[in-house]
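Okay, so here's the structure we're looking at.
The values are calculated or read from the model by the stated rules, or taken from the named source; none is laboratory data. Because the structure is a prediction, the values reported are computed rather than measured. Reconstructed Cβ throughout: ideal geometry from the backbone, glycine too, with neighbour counts over all protein chains shown.
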Amino acid sequence: MIRATRVQGRHHWNDAAADSVVLDFDDRHRRRMAMTGTRGLEFLLDLEQAVALRGGDALVLEDGRLIEVVAAPEPLTEIRGSDPQHLVRIAWHLGNRHLPTQIMAKALRIRRDHVIEAMVKGLGARVIEIEAPFDPEGGAYADAGHAHGQSHAAHDHHHHDDRHHARHCDHAHHDGHFHAHDHE
């Protein structure tokens with residue numbers, strides 16, 4: 001099976017794509033995976049390390065052909081504030097909870113989560129359910145080796161015991177619940 005071993009970032013390729021793959025946000029963070037393009041081309045994604053692919057990137061096959069990455073629409077919540085300062089305040093709360101967030105000119109987008117939706121409504125935001133491609137920010141801890149960012153949390157919850165976590169945590173977890181603790 002032919003392999004895709006490199007990624008060309010969006011806006012860094014001009015040749016016609018031999019095929020395309022339509023992937024949601026989770027499926028766009030891979031290192032190795034068998035794939036079939038929309039026109040039937042079968043190939044093995046075989047990168048040296050996991051990469052966060054973005055819509056518009058191209059996977060480079062061993063023979064030089066390109067496979068375009070298309071970001072699939074998925075259920076999202078679009079959050080709108082009353083003005084830019086209000087939106088920045090809401091963005092701060094989302095970032096404090098390490099939520100993957102897509103920043104738009106006049107809105108924020110997150111994956112649907114009723115707990116977070118209730119929180120931002122409580123902050124005065126307008127919440128709109130949409131279906132759209134999800135392309136969140138990579139964050140300050142993104143892998144510097146890949147120019148357009150990868151999503152990594154600021155700290156890894158799996159390497160702390162519960163007592164450490166209880167003393168140092170005030171944010172949501174990826175399962176949608178959040179909690180607060182007094183800091184020492």
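Remarks
- In region 71-85, the residues that are outside any strand (DSSP E or B) and surrounded by 15 or more Cβ atoms within 10 Å (Cβ to Cβ): Ala72, Gly81
- Scan of region 53-82 for residues that are of a type in the set (A, V, I, L, M) and touching a helix residue (DSSP H, G or I) at 6+ places or on another chain (Cβ under 6 Å), ordered by number: Leu53, Ile79
- Going through (1) over 30 Å from Ala16 (Cβ atoms); (2) surrounded by 15 or more Cβ atoms within 10 Å (Cβ to Cβ) one by one, Pro133 falls short only on (1).
- Boolean, Gly139 is at pLDDT below 95 and either touching a helix residue (DSSP H, G or I) at 6+ places or on another chain (Cβ under 9 Å) or of a type in the set (S, T, N, Q) (or both): yes
- For region 95-112, the set of residues classified as surrounded by 14 or more Cβ atoms within 10 Å (Cβ to Cβ) and over 15 Å from the mean Cα position of the chain (by Cα) consists of Ala107 only.
- The number of residues in region 118-130 being part of a loop (DSSP other than H, G, I, E, B) and surrounded by 17 or more Cβ atoms within 10 Å (Cβ to Cβ) comes to 1.
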